[in-house]
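Let me begin by presenting the structure, written as structure tokens, before commenting on it.
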Amino acid sequence: MKVYDYVIIGTGIAGLNAARLIPKDKRVLILCKMSTWNCNTFWAQGGIASAVDENDIPLHIKDTLEAGVNYNDIEAVELLSKKSISTIKNLIDSGMKFDLNEEGKLAYTKEAAHSRNRILHADGDATGRMMHIFLLENCIHEIVTQAVVCDLLIKDDICYGVQYFTSETEQKVAYAHNTIIASGGVGSIYRYHTNSTANAGEVQGIIAEKKLPLKDMEMMQFHPTVVRGTSFARKPLLSEALRGEGAYIVDENGYRFLFDYHKDGELAPRDVVSRSIFDYNKKTSLGVYLSFSTFEKNAFRKRFPNIYANLKELGYDLPFERVPISPAFHYSMGGVETTLDAKVKGMKNLYAIGEVACTGVHGANRLASNSLLEGLVFSQIAVEKSLEENFKIDFKEYDKPIIDYIRNKEIDKDLKDSLREIMWTYASIVRELKTLEESLKTIEEYLKKDVGRLLYLRLLTAKSILTAALNRKKSLGAHYIKED
Ligand code: SIN
């Protein structure tokens, strides 16, 4: 029986950076749910945050804690910020090219809730895509696409590997000494989001099924500025870097209402801006827009070439025209609870990194552009720890039955649509205990139905979000409970 040294689930920044750091002589299998570019990293626009120098570390930590409403794990935040400089340096030394300023030095920009410029970017506003391409180009290990993980082979505190679909009906098992989960967030269980369609939270569902810890599942972040009015579930993002560099939010009469909600206006933390837009629109029924009038055309095109081109395709002439916006689901701060070693809590050889993990770095609201950084830093930690421990499984000790799962069933389509609608309406920017309770009951009813494996796992994830939201009776950061 072939036993891999590593199975990595996911080909976003965390999974690919882990792969980059695993030595050549190790046997590595990387499982990618759809095609390689189908991940949130590919769509990340604004950039990657990093402490600019040693002096900036305390300030980066402070900003991260303030945005996270001090609900963050302080040790994890310190680790993130302290490792940021060497992590970025290692990437640049390996060939990654970030944008430079006129003096040929790294160009740092600003995003909301950062007290200084510390966001690196690449190809203007295609940072995630450029990092993703770089990591893919440098990947020396085997990637299998269209490999949809449907189970983890867990017995006691050891993970023996994974089970995955290779087609609608075929399933395979891969045994591994180390399993690294880097499967991303849950965006596709929301009706409107900014995520890749591959991110539907199935692995979080497996973790819930195995009674392994999920943490802060109620902490869901909504990005304030996506383009309103397009027909797809995945909404085009208007990067926070636009506001960091001068774009501003107005109502249809041109009024900058955000200053009525927070002293920093559109540069307030993301949860505050999303909630304020939601509230203002509800109270006034006025449309909300992002205005670019502070930009000069050529400078705008040069700095934000992809947003310029995408919006042109949608019929907007930037920076002259304002664009209708609304918040949409963007990022899950919660996820699989990990230790500072990036291990799934309670497990010997199972790691979780990137958006799927809850390291505690983001607290109740993630500071903009800390997510790509988290993916890099904690993937490195996971690889270092696993190499140091050199844990070995004996696959013969895994004596549980391998279940022959049915991937999808006839009944799934309508329930999936209903799930997305429920999450978008009731587990959203503003929540109410009564409707959260009703939603949980509905999801529990769906879980009793004879659904396919993938929907079953998504429902378990939704259940964990709703349960966590109900357990937190008071508002905190991105989790906002409307009081009667
Ligand atoms: C953006 O460009 O606004 C997204 C950045 C992030 O989610 O950190």
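Among the residues of the range 420-475, which ones are not in a helix (DSSP H, G or I) and not basic (K, R)? Can you show your working first?
Step one: of the range 420-475, the residues not in a helix (DSSP H, G or I) are 427-432, 449-452, 472-475.
Within the range 420-475, A427, S428, I429, V430, E432, D450, V451, G452, S475 qualify.
Can you tell me how many residues in the range 220-240 are part of a loop (DSSP other than H, G, I, E, B), out of contact with any Ser or Thr (no Cβ under 7 Å at 6 or more places or on another chain) and away from the ligand (no atom under 11 Å from the Cβ)? Here the count works out to 5. Looking only at residues in the range 207-219 that are acidic (D, E) and either part of a loop (DSSP other than H, G, I, E, B) or at pLDDT below 95 (or both), the one that is farthest from the ligand (Cβ to nearest atom) is E218. Considering (1) of a type outside the set (D, E); (2) in a strand (DSSP E or B); (3) out of contact with any helix residue (DSSP H, G or I) (no Cβ under 6 Å at 6 or more places or on another chain); (4) within 15 Å of the ligand (Cβ to nearest atom), the lone condition that P324 does not fulfil carries the number (4).
Of the residues making up the range 385-419, those that are among the charged types (D, E, K, R) and assigned to a helix (DSSP H, G or I) are K385, E388, E389, K396, E397, D412, K413, D414, K416, D417. The residues listed here are I9, I22, I30; of these, the one that is under 15 Å from the mean Cα position of the chain (by Cα), away from the ligand (no atom under 16 Å from the Cβ) and more than 29 Å from F304 (Cα to Cα) is I9. Just so you know, in the range 250-271 the residues that are surrounded by fewer than 23 Cβ atoms within 10 Å (Cβ to Cβ) and not in a loop (DSSP other than H, G, I, E, B) include one that is nearest to the ligand (Cβ to nearest atom), and it is L267.
Listed here are the residues, each with its yes/no results for (1) surrounded by fewer than 13 Cβ atoms within 10 Å (Cβ to Cβ); (2) under 25 Å from D260 (Cβ atoms); (3) touching a Cys at 6+ places or on another chain (Cβ under 6 Å).
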residue	(1), (2), (3)
V273	no, yes, no
Y289	no, yes, no
F292	no, yes, no
K297	no, no, no
K302	yes, no, no
L311	no, no, no
I325	no, yes, no
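Name the residues in the range 92-118 that are among the aliphatic types (A, V, I, L, M) and either closer than 23 Å to P58 by Cβ or within 16 Å of the ligand (Cβ to nearest atom) (or both), would you? Passing the criteria: L106, A107, A112, A113.
Per-residue answers, yes or no, for (1) in contact (Cβ under 8 Å) with a residue 12 or more places away in the chain; (2) aromatic (F, W, Y):
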{"site": "D25", "(1), (2)": "no, no"}
{"site": "I30", "(1), (2)": "yes, no"}
{"site": "W43", "(1), (2)": "yes, yes"}
{"site": "N55", "(1), (2)": "no, no"}
{"site": "K82", "(1), (2)": "yes, no"}
{"site": "L91", "(1), (2)": "yes, no"}
{"site": "K97", "(1), (2)": "yes, no"}
{"site": "A107", "(1), (2)": "yes, no"}
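Count of the range 259-279 residues, restricted to those that are over 22 Å from M219 (Cα atoms) and in contact with a strand residue (DSSP E or B) (Cβ under 9 Å, 6 or more places away or on another chain), is 1.
The values are calculated or read from the model by the stated rules, or taken from the named source; none is laboratory data. Bear in mind that the values here come from a model prediction, so they are computed numbers and not experimental data. Using ideal geometry, Cβ is built from the backbone for each residue, glycine included, and neighbour counts are taken over all protein chains shown.
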